[in-house]
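The values are calculated or read from the model by the stated rules, or taken from the named source; none is laboratory data. Source: prediction; values computed, not measured. So basically every Cβ, Gly included, is an ideal-geometry build from the backbone, and we count neighbours across all protein chains shown. Calculation scope for accessible area: heavy atoms of the full protein, side chains included, ligands and nucleic acids excluded. Shrake-Rupley method; radii C 1.70, N 1.55, O 1.52, S 1.80 Å.
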Amino acid sequence: MMSKIFVSLLGLILMMNKINLADIPWSSGMHNFRARIYYDATDAGGIVYHTEYLTIAEHARTEALRALGLYQSRLTRDQNVLLTVRRCNVEYITPAYLDDLVEVRTGFNSITGARIFLEQTIHRINEKKTTDDLLVSIETEIACVSATGKAKRLPKELKEAISGKLIINEF
């Protein structure tokens, strides 16, 4: 009973302050996604495998789209649209370790008829420090294709949602 009252009050507060839950993970045009580093993502020395950063970045991109109300499963089912990585440039700066809390900051830089260009940085979050450590910087080009792999124009609602979050950012 108490949890229902809390949820109702939270909804009322959000509504009165015109706060959209989808906007909460966004800050200065960047989507923020946090993840913990677990044992399965590391080698015997507790250092994160280089490929794990791409997995974490993929999760963050998916959550950035979800925060805009865009679900890849629905795009595929309803519009025969798949979003796939066409190109990726990764700069590894310093490693993450077992139990680290990392934050992925995703920014959409530009869009064309069938492509999305974005940049992501992965940072180690340390609550005891006022700054965080930059671990990885990633530039990604996403292509919009059909289920058969042919290039396809981005759906209007996808372009509009991303256009509202475009940034020009230097990492």
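Taken over region 67-77, residues that are touching a residue at least 24 places away in the same chain (Cβ under 8 Å) and either of a type in the set (A, V, I, L, M, F, W, C) or in contact with a helix residue (DSSP H, G or I) (Cβ under 9 Å, 6 or more places away or on another chain) (or both) amount to 5. Checking region 78-93 against the condition returns a match, with at least one residue being part of a loop (DSSP other than H, G, I, E, B), open to solvent by 50 Å² or more (accessible area, probe 1.4 Å), under 30 Å from Thr42 (Cβ atoms) and out of contact with any helix residue (DSSP H, G or I) (no Cβ under 6 Å at 6 or more places or on another chain). Of all residue pairs spaced 6 or more apart or on separate chains, those with beta-carbon atoms under 6 Å, a first member in region 81-97 that is within 29 Å of Thr148 (Cβ to Cβ) and a second member that is assigned to a strand (DSSP E or B) and open to solvent by 80 Å² or more (accessible area, probe 1.4 Å) are Asn89/Glu139. Selection over region 28-51 of residues that are closer than 13 Å to Val136 by Cβ, touching a residue at least 24 places away in the same chain (Cβ under 8 Å) and within 17 Å of the chain's Cα centre (by Cα) gives a count of 2. Taken together, Gly149, Gly164 contain a single residue that is at positive phi and open to solvent by 20 Å² or more (accessible area, probe 1.4 Å), which is Gly149.
Matching residues to (1) at pLDDT 95 or above; (2) not in a helix (DSSP H, G or I):
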site	(1), (2)
Ile56	yes, no
Ala64	yes, no
Gly69	no, yes
Ile122	yes, yes
Lys128	no, yes
Thr140	yes, yes
Cys144	yes, yes
Gly149	no, yes
Arg153	yes, yes
